[in-house]
Amino acid sequence: MVAAICFSFVVFGVLAPGVARSDGAPARITHIHGLYFGADGALHIAGHRGIVRYSNDHWTRLPGPAHDFAGFAAGRDVLYGSGHREAGSKNAGALGLKTSTDGGLTWSSNATLDGSDFHNIAIGYLSGAVYLLNETSSAQLPGPGIYGKKATSAPWRRAAMQGLVGEVKAIAVHPSEPGTVVVGTSSGLYLSRDAGDTFVLISGMQRVFAASFDRSGDAVWFGTYGRVAKLLRLDLKANFAVRELTLPPMQGDAVAHIAFDPSNEGEMAIATTLRNLFVSRNGGSNWVQVLHEGVPVK
């Protein structure tokens, strides 16, 4: 059970009948390490071989480098990606932290973090404030921990992380408040209002594997796993009141990614550790499955 929640397995298959795809689209999604809605409202998945776009039962692989993304975050004006360079690249190895301002067609390297591999990246959709989890010491980032910066040109700053307990599983940044961050750990969900220097526990008792602010920033949605998977909504404006949402059947599975369409209220998507993908157009009241264990479904 634990292995199923912590790892994605590489498998191959054929496209389900009736589902359209371009010649460059995958027959099966082998990894999901990023999930976001583009400016056109289409859902995008970042994974093992670049970015795949889904819209109206049609799957296409975006042009541009097919990097092996292990960490990914999408803001209004910029994408952040980390992992390993695409197969056959002249410069093999870790990506460091790359940015794209043209929807993933081209990527520019952040030289100060080149060669590192970040699996947990988050960005404020409107503010552009970016945070990442650095798991090892390096010349660029002197120690492990959460680093952030409120603007592209600003230097990286290590957060003090006082009050944060447990292994970091997920980071989310408020869409318009650059210093407001939530972190999901093996101990629960924590909130910081000072760019990660101090945290308070706002929901405990269960491991948090996914977290995201909604469009307004008034609520945090997060996925937990105890004996069963749960999707919860925590209202930051109503004394941290928590409401549980109805999930599709998830035997031995858990929510790994949560995305909201910034241009369409109520439209959202969740991806799971076993590469199941569900879309809702009414704020999580009903779900439509579009991937089953990585295979597109009608």
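The values are calculated or read from the model by the stated rules, or taken from the named source; none is laboratory data. Just so it is clear, the structure is predicted and the values come from calculations on it, not from any experiment. Heads up, the Cβs are rebuilt from the backbone with ideal geometry, glycines too, and the neighbour counts pull from every protein chain shown. In case anyone asks, the SASA skips ligands and DNA or RNA and just uses the protein heavy atoms, side chains included. Shrake-Rupley method; radii C 1.70, N 1.55, O 1.52, S 1.80 Å.
Ranked from highest to lowest mean number of other Cβ atoms within 10 Å per residue, what is the order of the peptides 57-70, 229-242?
Result, highest mean Cβ count within 10 Å first: 57-70, 229-242.
Using bins 5 angstrom wide from zero, how does P(r) for region 132-181 break down, in % of all Cα pairs?
Bin by bin from 0 Å, the calculated values are 4, 17, 28, 28, 16, 6, 0.
From the square roots a ≥ b ≥ c of the eigenvalues of the alpha-carbon gyration tensor of region 152-196, which class results: rounded (a/c under 1.5), prolate (a/b over b/c), or oblate?
prolate
How many angstrom lie between the Cα centre of region 94-148 and the Cα centre of region 162-192?
Measuring centre to centre over Cα atoms gives 17 Å.
Could you bin all the Cα-Cα distances of region 39-151 into 5 Å bins starting at 0 and give me the percent of pairs in each, rounded to whole numbers?
Taking every Cα pair in region 39-151, the percentages come to 2, 12, 22, 25, 19, 12, 5, 2, 1, 0.
All other residues with a Cβ under 13 Å from the Cβ of residue 78 taken together, and with Lys, Arg as +1 and Asp, Glu as -1, what is their net charge?
Net of charged neighbours comes to +1.
Which three semi-axes in whole Å describe the equivalent ellipsoid of the chain, each the square root of 5 times a Cα gyration tensor eigenvalue, listed largest first?
Working from the Cα gyration tensor, I get semi-axes of 27, 24, 17 Å.
In nm, what is the difference between 0.36 nm times the number of residues separating residue 108 and residue 243 and their Cα-Cα distance?
Length difference between fully extended and current span is 44.5 nm.
With charges set only on the Cβ (+1 for Lys and Arg, -1 for Asp and Glu), what does the dipole of the chain come to about its Cα centre, in debye to the nearest 20?
Once rounded to the nearest 20, the dipole reads 220 debye.
Can you give the convex hull volume per residue for the Cα atoms of region 229-292, as a whole number of Å³?
90 Å³
In whole percent, how big is the carbon plus sulfur part of the accessible area of the chain, probe 1.4 Å, protein atoms only?
Carbon with sulfur: 51 percent of the solvent-accessible area.
Just to be sure I understand: if I project the alpha-carbon convex hull of region 158-298 onto a plane and average over all orientations, what area do I get in nm²?
8.6 nm²
Using only helices, what value at 222 nm comes out for the chain when you add -39,500 (n - 2.57) per DSSP H run of length 4 or more and divide by the total residues, to the nearest 500 deg cm²/dmol?
-500 deg cm²/dmol
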